[in-house]
Amino acid sequence: MNSGANPSPQPVIKVRDLVKSYGPRTILKGIDLDIFEGEIMVIMGGSGSGKSTFLRQIMALEQPTSGIVEILGQDLGSMTMGEMFDLRKRMGVAFQGGALISSMTVGENIMLPLSEHTRLDAKTMEIMARLKLEVVDLAGFENLRPNELSGGMLKRAAFARAIIMDPKLLFCDEPSAGLDPVVSAGLDELILRLREAMGITIVVVTHELDSAFRIADRITVLDRGNILMTGTVEEVKNSTNERVQNLLNRRTEEEILDPAEYLARLTGERIETDGPAI
Amino acid sequence: MHDESKQGGITHRLESIGRNTVKGIEEVGYAGSLFGESLFWLFAGPKYKQPVRIGSVFAQMMEVGVRAVPIVGVLAATVGVMLAIQGIYTLRIFGAETRVTLGIALSITREFASLITGILVAGRSGSALAARLGTMTINQEIDALKVMGINPVRFLVVPSLIAMLIMVPALTFFADLTGLLAAGLYVSADLDISLAAYFDDVIEALKVDDVMHGLAKSAIFAVLITLIGVANGATVKGGAEGVGRVTTRAVVQSIAAIIVTDMIFAFITTRH
């Protein structure tokens with residue numbers, strides 16, 4: 001476990017029996033999870049495990065089909081619009097591709113939450129933006145457009161924007177995706193430094209094992225919409241759960257198919273069979 | 001076996017028609033809700049500390065209106081001259097070519113200025129709006145705005161809507177003047193009458209209602225172009241290819257909506 005964690009008995013994110021369906025497809029099948037103040041929680045899982053969907057629920061970007069999500073003690077399902085706006089000021093998000101507004105400069109992007117939510121004068125906002133750019137090692141890049149930055153720089157700029165309001169919670173969606181190992185390690189260092197410097201709770205969704213092991217205080221392993229396990233890095237590494245080990249060792253699972261389902265998938269019609277499993 | 005397959009084909013087609021109808025109704029409903037939400041943020045934004053930024057409105061007005069002035073001017077002038085040529089040619093059959101001014105004045109102010117402006121803005125700004133919103137959706141920029149506590153309708157849609165509502169009628173009025181002037185130049189040269197006499201005829205032929213008819217229509221076109229552009233952009237799927245698809249779709253739908261609305265508007269306003 002990394003140093004610097006400050007677990008508190010009161011979770012800052014509390015999820016109970018969270019279900020999310022899109023039409024007939026159920027992606028999250030009853031998730032229970034607590035994330036505590038000051039910790040770095042990594043949500044890990046393979047493609048289609050539901051980790052991005054889970055992140056969208058706890059970032060209040062989507063309404064769950066059922067279940068409870070509480071952020072900083074407030075139930076997302078019963079909040080007024082004004083309360084939601086106030087809550088969002090205490091959350092920051094660094095999206096996978098940066099998600100900087102392409103029509104604005106890097107500096108304008110970083111100042112955007114300040115200009116929308118505060119009455120600070122332009123000069124103060126510029127100074128704050130430069131400060132945050134220094135924190136993420138991007139000093140001097142404020143006048144560039146997002147399309148003039150590399151992938152790693154875009155993500156750093158996204159971090160700068162995410163922390164401009166000094167949030168209590170920081171969400172990171174696949175911070176290492178598409179980056180070379182050196183740049184990826186640099187971003188991991190940045191995440192650790194942000195936690196140390198600002199004491200914020202950080203939730204990271206990733207499928208990069210090295211990155212997850214480097215930064216996590218705890219890891220939650222998602223698989224097909226269910227939590228396989230939640231534990232420290234050592235606990236996850238030493239897990240005897242076959243699916244967890246498959247994920248850690250990057251093994252594909254031998255899929256055991258119901259022949260009727262397999263035929264139905266191929267033909268689009270359900271045909272009853274008594275044959276052996278394929 | 002053959003009958004079964006034929007029946008299956010008909011069922012499939014009916015299903016497809018049903019699905020597309022439902023989808024179409026959903027899209028109209030979405031555009032309607034966008035309009036409602038835009039009005040909400042326009043008036044209730046300050047209450048939630050989310051006022052519409054005047055700077056964004058001006059930026060959009062520059063893009064939608066000021067930068068479209070040259071092309072609107074050229075096309076309005078061309079249409080004006082075209083109406084003059086056709087009008088004189090037709091009326092000469094009856095020896096009444098001097099009456100061409102009436103036809104030109106009414107056609108331009110009631111129909112062509114608003115129609116040409118609407119179609120041009122749909123092609124220029126409606127497509128740009130759909131592409132911008134589509135790209136922002138694909139790049140998660142819309143999600144980023146939401147999580148920053150910035151309502152995307154208030155931040156992106158309302159400034160465009162206000163800018164369109166101001167600039168499309170303004171461009172239409174400009175097209176009225178340009179079209180009438182260009183037609184006047186042709187008429188005065190062809191029929192050997194002075195430009196002043198031509199404009200006297202135009203002023204005599206036109207009522208304020210005729211000009212207002214065109215301007216009112218253009219305001220409706222402005223709302224249609226914005227909502228169709230935004231609705232298409234916001235529902236994009238499938239990366240860059242999807243953005244291209246919704247952009248084309250937005251232009252086609254906007255132009256179709258403009259022409260159909262024009263016809264309905266003309267029908268309703270001439271029933272007295």
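The values are calculated or read from the model by the stated rules, or taken from the named source; none is laboratory data. Values in this document were obtained by computation on a predicted structure and should not be read as measured data. We place every Cβ from the backbone using ideal geometry, glycine too, and count neighbours over all the protein chains shown.
So that you can scan it fast, the table gives a plain yes or no per residue for (1) surrounded by fewer than 19 Cβ atoms within 10 Å (Cβ to Cβ); (2) in contact with a Pro (Cβ under 6 Å, 6 or more places away or on another chain); (3) more than 14 Å from chain B (Cβ to nearest Cβ); (4) modelled with pLDDT of 90 or more:
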site: A:L18; (1), (2), (3), (4): no, yes, yes, yes
site: A:G23; (1), (2), (3), (4): yes, no, no, no
site: A:S47; (1), (2), (3), (4): yes, no, yes, no
site: A:L55; (1), (2), (3), (4): no, no, no, yes
site: A:P64; (1), (2), (3), (4): no, no, yes, yes
site: A:I68; (1), (2), (3), (4): yes, no, yes, yes
site: A:M79; (1), (2), (3), (4): yes, no, no, yes
site: A:G82; (1), (2), (3), (4): yes, no, no, no
Contact list, first residue from segment A:215-242 and assigned to a loop (DSSP other than H, G, I, E, B), second anywhere and polar (S, T, N, Q), beta-carbon distance below 6 Å, six or more apart or interchain, is A:D217/A:N2
Can you name the residue in segment A:176-206 that is under 16 Å from the mean Cα position of the chain (by Cα) and of a type in the set (D, E, K, R) and is also farthest from A:E37 (Cα to Cα) among such residues? A:D188
Hey, can you tell me all the residues within segment B:130-156 that are in contact with a Leu (Cβ under 9 Å, 6 or more places away or on another chain) and either farther than 19 Å from B:L34 by Cβ or of a type in the set (A, V, I, L, M) (or both)? B:L133, B:M136, B:N139, B:I142, B:A144, B:L145, B:V147, B:M148, B:G149, B:I150, B:V153, B:L156
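More than 30 Å from A:M84 (Cα to Cα) and of a type in the set (G, A, S), is that true of B:A144?
No.
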(1) at pLDDT below 95; (2) surrounded by fewer than 16 Cβ atoms within 10 Å (Cβ to Cβ); (3) over 30 Å from B:L185 (Cβ atoms) all hold for B:T270 apart from (3)
When you scan segment B:59-101, how many residues do you find that are within 30 Å of B:S127 (Cα to Cα) and either part of a helix (DSSP H, G or I) or among the β-branched types (V, I, T) (or both)? 24
Number of the exception - B:I119 against (1) under 30 Å from A:A99 (Cβ atoms); (2) assigned to a helix (DSSP H, G or I): (1)
B:D192 fails exactly one of (1) at positive phi; (2) within 14 Å of chain A (Cβ to nearest Cβ), namely (2)
For segment A:88-104, which positions are within 14 Å of A:I163 (Cα to Cα), more than 7 Å from chain B (Cβ to nearest Cβ) and surrounded by fewer than 20 Cβ atoms within 10 Å (Cβ to Cβ)? A:R90
Tell me, please, whether a residue that is among the small types (G, A, S), closer than 30 Å to B:D143 by Cα and in a helix (DSSP H, G or I) can be found in segment B:170-185. no
Total residues in segment B:132-160, condition over 21 Å from B:T248 (Cα atoms) and within 7 Å of chain A (Cβ to nearest Cβ): 9
Residues of segment B:34-58 classified as within 22 Å of B:A231 (Cβ to Cβ) and either in a helix (DSSP H, G or I) or over 26 Å from the mean Cα position of the chain (by Cα) (or both), total: 15
Out of B:D201, B:D190, B:D209, which single residue is in contact (Cβ under 8 Å) with a residue 24 or more places away in the chain, surrounded by fewer than 19 Cβ atoms within 10 Å (Cβ to Cβ), within 21 Å of B:L83 (Cβ to Cβ) and of a type in the set (D, E)? B:D190
Matching entry among A:V136, A:V106 (being of a type in the set (A, V, I, L, M) and farther than 29 Å from B:P51 by Cα): A:V136
Can you list residue pairs whose Cβ atoms sit under 8 Å apart, with the first residue in segment B:99-113 being without any contact (Cβ under 8 Å) to a residue 24 or more places away in the chain and the second being part of a helix (DSSP H, G or I) and buried (at least 18 other Cβ atoms within 10 Å of the Cβ)? Count only pairs 6 or more apart in sequence or on different chains. B:G103/B:L83; B:G103/B:G87
